[in-house]
Amino acid sequence: MREFKGTVAITGGGGYVGSALVPDLIEAGYRVKVLDLFLYGEEVFDQYSSEDGLFCIKGDVRDPSVLEAAFSDTDAVIHLACISNDPSFELNPALGKSINLDAFDLILGALEKSPARRFIYASSSSVYGLREESDVTEQSPTTPLTDYSRFKLECEYKLQDWSNSTGIAWTILRPATVCGYARRLRLDLTVNVLTMHALENQKIKIFGGKQLRPNIHINDMSRVYCLLLDADKESLCSQVFNAGYQNETVENIAMKVKTVIGDGRIELEYVPSADTRSYHVNSEKIKCQLGFEAQYTIEDAIQGLTDVYRQGLIRDGLENPLYHNIKRMQELVLQ
Ligand SMILES: NC(=O)c1ccc[n+]([C@@H]2O[C@H](COP(=O)([O-])OP(=O)(O)OC[C@H]3O[C@@H](n4cnc5c(N)ncnc54)[C@H](O)[C@@H]3O)[C@@H](O)[C@H]2O)c1
């Protein structure tokens with residue numbers, strides 16, 4: 001019988017970030033309970049079983065009894081479940097609100113009944129919106145521009161106001177845009193989508209171009225969550241952390257894509273964009289306080305995606321709904 005170092009419940013663990021994080025946690029010796037609707041497929045953890053310490057619960061975070069079952073017998077909970085980009089959210093704002101905001105109270109309620117001692121909430125660096133200052137720290141004002149970002153921030157406030165009697169150490173993470181290959185792949189995120197356009201069409205569509213965006217490689221994103229689980233309670237309790245690495249304009253990311261893929265035919269095509277979010281995120285706090293240093297670059301993400309594409313592991317990268325949250329949500333008509 002395998003000995004585990006603890007049990008972690010992850011809501012939304014079947015998504016892009018979860019599909020990298022769950023295997024890393026199993027490798028690190030955790031027993032992992034994934035609570036997810038598996039909107040993007042159930043085969044993501046096919047290679048693991050309960051003997052490895054993986055337990056998948058197909059359910060909705062809007063159901064209190066499901067939450068209580070998922071959080072029972074856990075040491076920590078990571079909350080990732082979400083309608084996780086603006087277009088998918090705007091497709092059905094009432095649905096988005098019910099999952100991204102209203103369910104948060106149910107999650108806090110279920111946490112109070114659970115033995116968990118640690119709670120990590122995946123917010124987003126998009127809560128900063130458009131900022132003038134050259135460096136956005138955790139102290140900078142927040143000006144979320146969309147409901148997706150506004151509700152991320154409202155959940156942060158709910159957590160900060162939460163007067164729980166359980167002594168749970170909670171942490172808010174504001175990740176940059178994630179990039180790179182994972183088993184549940186998202187190709188609707190900046191680096192990934194530009195790479196896919198270059199590979200499929202030898203043409204990179206640059207929406208806008210001058211917006212500065214913070215990025216973090218999926219492997220580093222997973223390392224951040226692992227670090228938060230292992231950190232001593234005092235250094236992470238009631239803290240907000242940015243988690244990003246290279247800040248680059250969309251135009252520069254496109255240049256990197258062209259260079260890394262190394263196909264001289266690749267052209268850059270500029271398309272006007274209504275998305276004006278632009279920010280340079282400073283991630284010094286997580287470095288100083290928790291010792292987190294990114295190990296993977298944007299170039300690594302582009303190379304990783306290119307390698308799996310050339311192995312034939314990405315099929316119909318620009319159209320396949322499983323890689324594009326908005327297309328999948330249109331297909332599912334979730335209530
Ligand atoms: N990926 C990024 O670039 C990024 C950046 C900043 C913050 N985040 C945050 O990190 C988290 C994970 O992001 P991701 O890219 O893995 O998103 P994702 O869309 O790939 O995964 C979200 C998961 O939540 C599940 N889900 C949705 N509604 C649910 C419900 N009602 N009940 C149970 N499960 C449900 C989906 O099935 C999916 O597996 C999200 O909260 C997102 O806002 C992501």
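The values are calculated or read from the model by the stated rules, or taken from the named source; none is laboratory data. Just so it is clear, the structure is predicted and the values come from calculations on it, not from any experiment. Using ideal geometry, Cβ is built from the backbone for each residue, glycine included, and neighbour counts are taken over all protein chains shown. SASA here: full protein model, heavy atoms, side chains in, ligands and nucleic acids out. Shrake-Rupley method; radii C 1.70, N 1.55, O 1.52, S 1.80 Å.
Some observations on this one:
- Per residue accessible area in Å² of the range 6-332, where ligands, DNA and RNA are left out and the probe is 1.4 Å: 39
- Ellipticity estimate at 222 nm from DSSP helix runs (n ≥ 4, -39,500 (n - 2.57)) divided over the chain, nearest 500: -11000 deg cm²/dmol
- Here the range 136-256 is treated as an ellipsoid with the same Cα gyration tensor; its semi-axes, largest first and in whole Å, are 32, 17, 12.
- When a 1.4 Å probe is rolled over the protein heavy atoms, the share of accessible surface on the range 169-220 that falls to carbon and sulfur comes to 47 percent.
- Dipole of the chain, positive direction: furthest Cα of Gly15, Tyr181, Cys82, with charges on the beta-carbon: Tyr181
- Options Val240, Leu313, Thr166, ranked by Cα towards positive dipole end of the range 6-332, top entry (Cβ charges): Leu313
- Rounded, prolate or oblate (a/c below 1.5 giving rounded, otherwise prolate when a/b exceeds b/c) for the range 49-150 by Cα gyration tensor: prolate
- Violating pairs (Cα-Cα greater than 29 angstrom) within the set Lys203/Lys285; Lys5/Lys285; Lys210/Lys233: Lys203/Lys285; Lys210/Lys233
- Once C-alpha pairs closer than 8 Å and six or more residues apart are averaged by separation and normalised to the residue number of the chain, the relative contact order reads 19 percent.
- Sequence-distant lysines (8 or more away, or on other chains) whose Cα lies within less than 18 Å of Lys97: Lys152, Lys158
- If R0 is taken as 22 Å, the Cβ-Cβ distance between Lys158 and Ala94 corresponds to a FRET efficiency of 0.70.
- At R0 = 56 Å, FRET efficiency that the Cβ-Cβ distance of Glu132 and Glu51 yields, to 0.05: 0.55
- Dipole in debye (nearest 20) - the chain, about Cα centre, beta carbon charges: Lys, Arg +1; Asp, Glu -1: 200
- Prolate/oblate/rounded label for the range 6-332 (Cα gyration tensor, a/c 1.5): prolate
- Relative to the longest principal axis of the Cα atoms of the chain, the long axis of helix 218-230 makes an angle of roughly 20 degrees.
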